[in-house]
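Just so it is clear, none of the values below were taken in a lab; they were calculated from the coordinates. Just so we're clear, the structure is a prediction, and the values are computed from it rather than from any experiment. Backbone-built Cβ (ideal geometry, glycine too); neighbour counts: all protein chains shown.
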Amino acid sequence: MATINGVPVNFAFPVGPTITELTGKMLLQDAETTDDAQMELTRDGTGEEAVHGHYGFKKNATLTYVVTATDTIANAKINTVKPAIGTFITITASPEMPELFQSGKTKWEVMKGGKTAKGNANSAKITLNLEWNLGIQAVAT
């Protein structure tokens with residue numbers, strides 16, 4: 001864990017979110033969430049904005065993490081698999097970032113734009129783009 005000198009800040013993720021569908025332990029490196037909605041604009045007779053009607057509320061999240069294994073480097077490599085677009089992950093706990101886990105907001109859909117990054121001088125990292133939407137919580141059957 002990092003040492004903080006100077007002004008106290010909220011730093012790092014000593015305990016990352018718990019995600020049931022991922023293999024291996026996730027060492028969260030970066031996380032970001034945004035709130036989103038659609039808006040209908042209604043103007044008055046003079047063209048001025050009179051009403052903003054908001055609907056279609058959803059959350060977006062981007063998680064970047066390193067995957068580990070409890071035993072061997074070979075198993076850490078096996079565990080470094082990015083979930084496919086359209087699959088769902090379930091976040092069951094997130095102590096450092098509670099907006100990832102709120103009552104009724106546990107199912108997140110994997111969206112386009114995720115990536116796996118590897119290099120000679122750093123750990124392999126996976127970045128997931130996620131969306132939480134009340135109306136879409138599972139694969140249609």
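Computed on the Cα trace of the chain, the radius of gyration divided by the Kirkwood hydrodynamic radius gives Rg/Rh = 1.09. Summing Cβ point charges (Lys, Arg +1; Asp, Glu -1) relative to the Cα centre of the chain gives a dipole of roughly 760 debye. Which FRET efficiency value, to the nearest 0.05, do you get for Gln137 and Lys25 by plugging their Cβ-Cβ distance into 1/(1 + (r/R0)^6) with R0 = 22 Å? Once the sixth-power term is evaluated, E becomes 0.30.
The average projected area of segment 54-108, computed from the convex hull of its Cα atoms over all directions, is 5.4 nm².
Computed from label points 7 Å out along Cα-Cβ, the spacing between Glu32 and Glu96 is 1.7 nm. Spin-label model, Asn5/Met111: points 7 Å from Cα along the beta carbon direction are separated by 4.0 nm.
Strictly over 19 Å apart at the Cα level, which of Lys58/Lys125; Lys77/Lys112; Lys77/Lys118; Lys82/Lys107 would you flag in this model? Those over the limit are Lys58/Lys125; Lys77/Lys112.
Between the residues Pro17, Tyr55, Thr33, the greatest Cα displacement towards the positive end of the dipole of the chain, with unit charges on the Cβ of Lys, Arg, Asp and Glu, is found for Pro17.
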